[in-house]
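The block underneath contains the structure these notes are about, expressed in structure tokens.
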Amino acid sequence: MAAMDADMQRLLDKMLPHPAYISDVAWNVVAYNNPSRVMYPWVYSGNIMRWSFLIPEAREQLVDWKESWAVPFLAQIRTAEAQNPDNAQLKELVQDIMEGCPEARELWDRHDYYVHPDGDVRSMRMPHGGDDPVSCRIMALAPLRNINLRFIVSFHGV
């Protein structure tokens, strides 16, 4: 797992009221702020991609799951795998998703590549916020001290 430090946690905490989290190259959640605890179930699952593909509730929360979330997520995984061909955690992640999600197996054959979601606007249903989708703009950053970390902040209602 990628190294995390107190300065990055302080920066996460300064993002209030916006949910923010940090994940490593294999999408393991390494840190998050308080709004993420309420809005993002994947911080408790430990891995964003496993939650998105292997937990049925993800399809309810992530609006237009297949095209808006699954396609770009798989393309990001493929890109990360190409950039880190010896990373055992990425290989295991791909195997778990392919074994556990038939739709992902079909989409994987598209051979898409996508580096990051920075600037994307996608819709979500909040776990405790009713059925109405909320648009969120994703800001993706990589700390220069450890570029294998992803610092993600979401701005909701955009």
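The values are calculated or read from the model by the stated rules, or taken from the named source; none is laboratory data. Being a predicted model, the structure only gives us computed values, none of them experimental. Note that we place each Cβ from the backbone using ideal geometry, even for glycine, and neighbour counts take in every protein chain shown. Note: accessible area is taken over every heavy atom of the protein model, side chains too, but ligands, DNA and RNA are not part of it. Shrake-Rupley method; radii C 1.70, N 1.55, O 1.52, S 1.80 Å.
The residue list PRO127, PRO143, PRO117 contains one member that is more than 13 Å from the chain's Cα centre (by Cα), modelled with pLDDT under 85, under 22 Å from ASN28 (Cα atoms) and assigned to a loop (DSSP other than H, G, I, E, B), which is PRO127. Note on the stretch 42-71: among residues that are surrounded by 16 or more Cβ atoms within 10 Å (Cβ to Cβ), free of Cβ contacts under 8 Å to residues at least 40 places away in the same chain and of a type in the set (Phe, Trp, Tyr), the one that is farthest from TYR21 (Cα to Cα) is TRP65.
Just to be sure I understand, how many residues within the stretch 5-41 are touching a Pro at 6+ places or on another chain (Cβ under 7 Å), open to solvent by 60 Å² or more (accessible area, probe 1.4 Å) and closer than 27 Å to VAL94 by Cα? Qualifying residue count for the region: 0.
Across the stretch 147-157, the qualifying residues are those that are out of contact with any Cys (no Cβ under 7 Å at 6 or more places or on another chain) and open to solvent by 30 Å² or more (accessible area, probe 1.4 Å), and the one among them that is modelled with the lowest pLDDT is GLY157. Tell me, which residue of the stretch 130-140 that is in contact with a Lys or Arg (Cβ under 8 Å, 6 or more places away or on another chain) and in a strand (DSSP E or B) is surrounded by the most Cβ atoms within 10 Å (Cβ to Cβ)? Checked the stretch 130-140; the qualifying residue surrounded by the most Cβ atoms within 10 Å (Cβ to Cβ) is CYS136.
Among the residues making up the stretch 120-152, a single one is over 17 Å from GLN76 (Cα atoms) and of a type in the set (Val, Ile, Thr): VAL134. Does ALA20 qualify as being under 17 Å from MET126 (Cβ atoms), touching a strand residue (DSSP E or B) at 6+ places or on another chain (Cβ under 9 Å) and of a type in the set (A, V, I, L, M, F, W, C)? When the stated conditions are applied, ALA20 passes them. Among the residues of the stretch 76-112, write down those that are assigned to a loop (DSSP other than H, G, I, E, B) and either among the β-branched types (Val, Ile, Thr) or surrounded by 12 or more Cβ atoms within 10 Å (Cβ to Cβ) (or both). Those that are assigned to a loop (DSSP other than H, G, I, E, B) and either among the β-branched types (Val, Ile, Thr) or surrounded by 12 or more Cβ atoms within 10 Å (Cβ to Cβ) (or both): ASN84, ASN87, CYS101, ASP112. Within the stretch 47-54, can one find any residue that is at pLDDT below 95 and more than 10 Å from the chain's Cα centre (by Cα)? No - not one qualifying residue is present in the stretch 47-54.
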